[in-house]
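Engineer: One structure is given below, represented as structure tokens, and several questions about it will come after.
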Amino acid sequence: MRIDQHVAGLLVGVASAVGTEVLVRRHAPRRRLALLGAGLPVAAAIYPAARSGDRHGHHARREVAALAAYSAWVLASSRADRDRAARLLAAGWASHAAFDALHDGGGHSLIPAWYPALCAGYDVVIAAGLLQRRA
């Protein structure tokens, strides 16, 4: 994997998150936390969904555990007041960026090498947006 593919993935992720923020703030500002919260388990589900085999090995178990943890995290944030929910979701998205950066899908992952950088870029921008006062 060349560094330029990681940089390109990161930039596409950043641009995608900016687009997401613009669309959600413009068309569904009152549902922003719910929509961005729903996106976190979706982002986590991509990794276990993109397996060609070995769905019970340690790589797959780690991905499924992360999906369960992010789902529980979003559920817990949905019970918090608006400011705390935004902070909790921001922490969840930021931690998913770390998950992306450290991701090793093993030999049975269909995730392209550039995808974790794309996802991390997206995650960091969403996390930062959630920490703004307009959350």
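Engineer: If you roll a 1.4 Å probe over region 60-135 with all protein chains in place, what percent of the accessible area is carbon or sulfur?
Structural biologist: Working: 2530 of 4010 Å².
Carbon plus sulfur share of accessible area: 63 percent.
Engineer: Here's another thing I want to ask about it. Which residue, Ala17, Ala72, Ala43, has the most motion in a Gaussian network model of the chain that connects Cα atoms within less than 10 Å?
Structural biologist: Looking only at Ala17, Ala72, Ala43, the biggest GNM fluctuation is shown by Ala72.
Engineer: Still on this model: What does the chain give for Rg and for Dmax, in Å, if only its C-alpha atoms count?
Structural biologist: 15.0, 44
Engineer: Provide the per residue accessible area, probe 1.4 Å, for region 7-135, rounded to a whole number of square angstrom. Mind showing how you got there, number by number?
Structural biologist: Numbers: 6930 Å² over 129 residues.
Spelled out: the 1.4 Å probe surface of region 7-135, per residue, equals 54 Å².
Engineer: Any idea what the relative contact order of region 20-119 is, in percent, if you count C-alpha pairs under 8 Å spaced at least 6 apart? Let's see the in-between values first.
Structural biologist: On the way: 78 pairs, mean separation 31.0, N = 100.
Answer for region 20-119 is 31 percent.
Engineer: Express in Å², to the nearest 10, the accessible area of Val42 obtained by rolling a 1.4 Å probe over the protein heavy atoms while all chains stay in place.
Structural biologist: 90 Å²
Engineer: Output the direction-averaged projected area (hull surface divided by four) of the convex hull of the alpha-carbon atoms of region 1-71, in nm².
Structural biologist: Numbers: hull surface 24.2 nm².
Result: a mean projected hull area of 6.0 nm².
The values are calculated or read from the model by the stated rules, or taken from the named source; none is laboratory data. Bear in mind the structure is a predicted one, so any value in this text is a computation, not a measurement. Ligands, DNA and RNA are stripped out before the accessible areas are found, and what is left, the full protein with its side chains, is counted by its heavy atoms. Shrake-Rupley method; radii C 1.70, N 1.55, O 1.52, S 1.80 Å.
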